[in-house]
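J.: I have a structure here, written as structure tokens, and I will follow up with some questions on it.
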Amino acid sequence: MTGTKIYIDRNWKFDADFEEGMIFPGYSESQMTDVDIPHSVADMPLHYFDESIYQMVCGYRRHLFAEKRWSGSNILITFEGVAHESTLYVNGNEICTHSCGYTAFTADITEYVNFGKDNVITLRVSSMETLDQPPFGFAIDYMTYGGIYRDVYIEIKPKTYISRVATHTKLIDRYERGGARFCKKGAVVSKVYTSGKTKGCSIETALRKKGDGVYSCVTVTKASDGYTETVTRSDDVELWDPDNPALYELRTRILDEQGFAADERVDTIGFRKAVFKENGFFINGRKFKIRGLNRHQSYAYVGYAMPDSMQEYDALILKNELGANAVRTSHYPQAQSFLDKCDQLGLLVFTEIPGWQHIGGDAWKDKAIDNVKDMIRQNINHPSIILWGVRINESVDDDDFYAATNAMAHAEDPSRQTGGVRCHAKGSFQEDVFTYNDFSHSGNNAGAAPRSAVTPDTSRGYLITEYNGHMFPTKSFDSEQHRTEHMLRHAAVLDSVASFNDIAGSFGWCMFDYNTHKDFGSGDRICYHGVCDIFRNRKLAGFLYAAQQDDSPVLALSSSMNIGEHPACILGDVYIISNADSVRMYRNDEFIKEYSAKDSPYKNLLHGPMLIDDYVGNALEVHENMPHKKAERISGLLNHIARFGQNDTDIGFLARAGMTAAQYHIKKDEIRVLYEKYVGNWGQKSVSYKFEAVKGGDVIKELIVAASTRPHLDITVSSDTLVENKTYDVALVRLRAVDENRGILPFCNDPVTLKTKGPIELIGPKTISLSGGMGGVYVRSAGEGEASLKITDAFGEANVVRFNVIRK
């Protein structure tokens, strides 16, 4: 009989105060709370809370009936993620302690199970930030939360079984066909680890394209004790690539002496070669510029405790809404479901061990080295992972410690390179790739430092792992000028990185806003460093990233074109963000100018922000009957005033203004009147600006910017189907206050009331406030059938979102 996996996410009992009696079967659970996994030890407000709310030593219990037919098998239990120190008991017997909140642990509980009877599983969980283990020991720029927040399952295994499979691939003779990349011959090299006696057994491997029905390339190898190395070969293999993430399934069986499969597992893999060199990053032999963002695994109200659907949705947002081709799992390993989705989408992943700046004593370091081992063993088969992070984020040099972490990484996975994120230049370079947080850009200087100023050795790869972030925190309700500069700072770094052939790429800090400790953030325990808000709504900088891909059209404007938002009513620099070939600008349906990428000051970006430098077009010729030369000169003055104001002391502007006044006998008051009529629009009929994104000669997207008269909520739902399977499901409902042209209303901070009907529940409060015109709601499945969420806004409208909750 091959192994069986049973998820046990349902029907747990929880108490915030652990008692020793909880480990014994006879303990009274009357005061414990019924919970399902993922679970957070505390419900948290959106902001203005501190870490004391989730710091505790708590207890979980679950009853498990072990069927008689399981007798004679091995019974394993796996916890995929528990924050942060876990001690497991079965029927009053202590099994093991795991001292990492970000890696899984598995225990063999066979000898403690009563077959044909009820069994009690107890987990003592400490989420105290005083634990002597990574990432704890000093200040940390993120909340660490607590609870069993990833899946729990048991496996019923035969006496001899496969414990894990570690793979890497080899490629021979790469070629392209039909836009996809292939190799004439590919090989999967596997280390198949087994438990139990393998005498007379063999290991069978077989391969198929994911989704295909039939396995082929069957290879049989005599089994060895401990592990068996196998090589599975295939011809004309389609390569895993960010543009075409082809996946395969490797089936591994252990066959007994009669040739029957005693145990079996299937691993999803990809054929690819990823390497950092001195002149950049290469995937399957082609140079590829990494453009990624850092991601925390946290969510409003529940911390880390979200099911697979929300983990997967973050990957989808990164790829489809933010145009990223890579993600760094800052600052710890993240959920298998998130990495699985990265595999499917072609998102490159840099994953790293837990930690933030602090290095502890010897016992602490030993746990960090174990974290390297566990991180690699649990994630080695993901083709999306291109780099192992084996330093504590932004820590000081510690040669002995980091010699050990690098040695562990290379022993566990000789096929991948190591990196170690630091925030100081030069220093001891023990990893394969110099990974560096470059915060040198401050707004008016170069976006990134040249690698020669950063790395002590230019013969190896160089990757920027953070930028911006704390250098320019930005809230969605900040001024338009502030939000624009935030976007431009990201553009400056991306542009600078694109200009260097020897920088492999960069990861911006960060994907979305997140809760953090008092030492960081804006006093409300939110760190506003994201290009999205905490509910994954894009800020202006998010549209910049979105515009760097070509799969879906992007068109955004950095301004609402309301002069009253700006000091002295000066619009300043306004930018068009688009991935179109060009963008046509109209004022009250009159054509002004067509802009293209060459008009962007960010020349190294494929789709850089385009600066608007003309608000007048030929209006002076058409409506004021001015000769062309005169209209051109005066339009230039009006456009200059729009950006810099009429009191600009620039010598060149004053000279042009004086020459124009003298040549055309025009007075300052006349210039003012023309400015108010064609740019400032004081006392005039409301102006409407229209922008058309053009690609291949066709208009692919349109944007209208005008005075708002009909505000309402724009609602985006992650999924209107909630699937109750191994555990509950969650949907994210994102809210944006917009005008009739879907333009964001950034100063709408009004309340929104929420009411559910049917088998769903709210996560968080029943009344929320928008922040910068944006917000979000999580709903959780609670049964089966039709459900609805009624959203009533401050504009007097009631919106109903309908869900179908199903069981599988």
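The values are calculated or read from the model by the stated rules, or taken from the named source; none is laboratory data. The structure displayed is predicted, hence computed values, not measured ones. Here Cβ is always computed from backbone atoms with ideal geometry, including for glycine, and neighbour counts include all displayed protein chains. Keep in mind that these areas ignore ligands, DNA and RNA; they rest on the heavy atoms of the full protein, side chains included. Shrake-Rupley method; radii C 1.70, N 1.55, O 1.52, S 1.80 Å.
J.: Pick from segment 7-54 the residues that are open to solvent by less than 20 Å² (accessible area, probe 1.4 Å) and out of contact with any Phe, Trp or Tyr (no Cβ under 7 Å at 6 or more places or on another chain): which of them is nearest to Ala300 (Cα to Cα)?
T.: Phe49
J.: Return the only residue of Gly775, Gly785, Gly697 being free of Cβ contacts under 8 Å to residues at least 24 places away in the same chain, over 26 Å from Ala642 (Cα atoms) and not aromatic (Phe, Trp, Tyr).
T.: Gly697
J.: Can Arg253 be described as among the basic types (Lys, Arg), within 30 Å of Lys726 (Cα to Cα) and out of contact with any Phe, Trp or Tyr (no Cβ under 6 Å at 6 or more places or on another chain)?
T.: Against the criterion (among the basic types (Lys, Arg), within 30 Å of Lys726 (Cα to Cα) and out of contact with any Phe, Trp or Tyr (no Cβ under 6 Å at 6 or more places or on another chain)), Arg253 qualifies.
J.: Right, here's the next one. In segment 338-358, how many residues are open to solvent by 10 Å² or more (accessible area, probe 1.4 Å), on the phi < 0 side of the Ramachandran plot and of a type outside the set (A, V, I, L, M)?
T.: Summing the residues that are open to solvent by 10 Å² or more (accessible area, probe 1.4 Å), on the phi < 0 side of the Ramachandran plot and of a type outside the set (A, V, I, L, M) in segment 338-358 gives 5.
J.: Residues being part of a strand (DSSP E or B), within 23 Å of the chain's Cα centre (by Cα) and under 23 Å from Gln344 (Cβ atoms): count how many of those fall in segment 272-293.
T.: Residues in segment 272-293 being part of a strand (DSSP E or B), within 23 Å of the chain's Cα centre (by Cα) and under 23 Å from Gln344 (Cβ atoms): 9 in total.
J.: Would you point out which residue out of Lys668, Lys685 is within 30 Å of Asn741 (Cβ to Cβ) and open to solvent by 50 Å² or more (accessible area, probe 1.4 Å)?
T.: Unique residue meeting the criteria: Lys685.
J.: From the residues in segment 211-225 that are surrounded by 13 or more Cβ atoms within 10 Å (Cβ to Cβ) and out of contact with any Ser or Thr (no Cβ under 6 Å at 6 or more places or on another chain), which one is farthest from Thr268 (Cα to Cα)?
T.: Residue satisfying both the conditions and the ranking: Ser224.
J.: May I pose another question? Going by the structure shown, is Gly178 under 24 Å from Phe288 (Cβ atoms), at pLDDT below 90 and open to solvent by 30 Å² or more (accessible area, probe 1.4 Å)?
T.: Criteria met by Gly178.
J.: For segment 605-632, enumerate the residues that are open to solvent by 80 Å² or more (accessible area, probe 1.4 Å) and either touching a Phe, Trp or Tyr at 6+ places or on another chain (Cβ under 8 Å) or more than 25 Å from Arg672 (Cβ to Cβ) (or both).
T.: Leu606 - this is the single residue of segment 605-632 that is open to solvent by 80 Å² or more (accessible area, probe 1.4 Å) and either touching a Phe, Trp or Tyr at 6+ places or on another chain (Cβ under 8 Å) or more than 25 Å from Arg672 (Cβ to Cβ) (or both).
J.: Then there is this: Looking at (1) assigned to a helix (DSSP H, G or I); (2) among the charged types (D, E, K, R); (3) over 25 Å from His98 (Cβ atoms); (4) in contact with a strand residue (DSSP E or B) (Cβ under 8 Å, 6 or more places away or on another chain), which is the one condition that is false for Lys319?
T.: (4)
J.: For segment 775-793, does any single residue satisfy the condition of being in contact with a Ser or Thr (Cβ under 9 Å, 6 or more places away or on another chain) and farther than 23 Å from Val302 by Cα?
T.: Looking for residues that are in contact with a Ser or Thr (Cβ under 9 Å, 6 or more places away or on another chain) and farther than 23 Å from Val302 by Cα, one finds at least one in segment 775-793, hence yes.
J.: Is it true that some residue in segment 566-581 is part of a loop (DSSP other than H, G, I, E, B), modelled with pLDDT of 95 or more and surrounded by fewer than 20 Cβ atoms within 10 Å (Cβ to Cβ)?
T.: Yes, segment 566-581 contains at least one residue that is part of a loop (DSSP other than H, G, I, E, B), modelled with pLDDT of 95 or more and surrounded by fewer than 20 Cβ atoms within 10 Å (Cβ to Cβ).
J.: Let me ask another. Inside segment 108-167, can you point out the residues that are farther than 21 Å from Glu394 by Cβ and among the charged types (D, E, K, R)?
T.: Asp108, Glu111, Lys117, Asp118, Arg124, Arg150, Asp151, Glu155, Lys157, Lys159, Arg164
J.: Being touching a Cys at 6+ places or on another chain (Cβ under 6 Å) and either under 16 Å from Asp267 (Cβ atoms) or open to solvent by less than 40 Å² (accessible area, probe 1.4 Å) (or both) is the requirement here; does Ala246 meet it?
T.: No, not satisfied.
J.: Counting only residues that are under 26 Å from Tyr575 (Cβ atoms), exposed (fewer than 11 other Cβ atoms within 10 Å of the Cβ) and not β-branched (Val, Ile, Thr), how many does segment 633-665 have?
T.: Qualifying residue count for the region: 2.
J.: Hey, any hits in segment 119-138 for a residue that's in a strand (DSSP E or B), under 30 Å from Asp256 (Cβ atoms) and in contact (Cβ under 8 Å) with a residue 12 or more places away in the chain?
T.: Yes: one or more hits.
J.: Right, Asp513: of a type in the set (Asp, Glu), under 22 Å from Phe49 (Cβ atoms) and at pLDDT below 95 or not?
T.: Considered against the rule, which asks whether it is of a type in the set (Asp, Glu), under 22 Å from Phe49 (Cβ atoms) and at pLDDT below 95, Asp513 comes out as no.
J.: Could you give me the residue pairs with C-beta distances under 9 Å whose first residue belongs to segment 321-349 and is without any contact (Cβ under 8 Å) to a residue 60 or more places away in the chain and farther than 14 Å from Ile386 by Cα, whose second residue is open to solvent by less than 10 Å² (accessible area, probe 1.4 Å) and among the basic types (Lys, Arg) wherever it lies, and which are 6+ apart or on separate chains?
T.: Phe338/Arg295
J.: Sticking with this structure for a sec: Could you list, in sequence order, all residues of segment 300-322 that are among the aromatic types (Phe, Trp, Tyr) and under 12 Å from the mean Cα position of the chain (by Cα)?
T.: Answer for segment 300-322, where residues must be among the aromatic types (Phe, Trp, Tyr) and under 12 Å from the mean Cα position of the chain (by Cα): just Tyr313.
J.: I'd like the full set of residues that are of a type in the set (Phe, Trp, Tyr), surrounded by 19 or more Cβ atoms within 10 Å (Cβ to Cβ) and farther than 16 Å from Ser86 by Cβ, limited to segment 112-159.
T.: Tyr142
J.: Name every residue in segment 162-190 that is in contact with a Lys or Arg (Cβ under 9 Å, 6 or more places away or on another chain), basic (Lys, Arg) and more than 28 Å from Ile254 (Cβ to Cβ), in order of residue number.
T.: Of everything in segment 162-190, those that are in contact with a Lys or Arg (Cβ under 9 Å, 6 or more places away or on another chain), basic (Lys, Arg) and more than 28 Å from Ile254 (Cβ to Cβ) turn out to be Arg174, Arg181, Lys184.
J.: Now, a different point. Which condition number does Gln297 fail, the rest of (1) within 18 Å of His39 (Cα to Cα); (2) without any contact (Cβ under 8 Å) to a residue 40 or more places away in the chain; (3) among the polar types (S, T, N, Q); (4) surrounded by 22 or more Cβ atoms within 10 Å (Cβ to Cβ) being met?
T.: The one condition Gln297 does not meet is (2).
J.: Among Ser71, Ser99, which is the only one that is closer than 20 Å to Gly196 by Cα, open to solvent by 10 Å² or more (accessible area, probe 1.4 Å) and not β-branched (Val, Ile, Thr)?
T.: None of the other options fit; the residue is Ser71.
J.: Okay, next question. Just one of (1) of a type in the set (A, V, I, L, M, F, W, C); (2) surrounded by fewer than 23 Cβ atoms within 10 Å (Cβ to Cβ); (3) outside any helix (DSSP H, G or I); (4) modelled with pLDDT of 95 or more trips up Ala498, so point out which.
T.: (3)
J.: Still on this structure: Which of the following residues is over 22 Å from Arg587 (Cβ atoms), of a type in the set (Phe, Trp, Tyr) and under 49 Å from the mean Cα position of the chain (by Cα): Phe644, Phe653, Phe691?
T.: Phe653
J.: Considering only segment 385-395, how many residues are of a type in the set (Val, Ile, Thr) and in contact with a His (Cβ under 8 Å, 6 or more places away or on another chain)?
T.: 1
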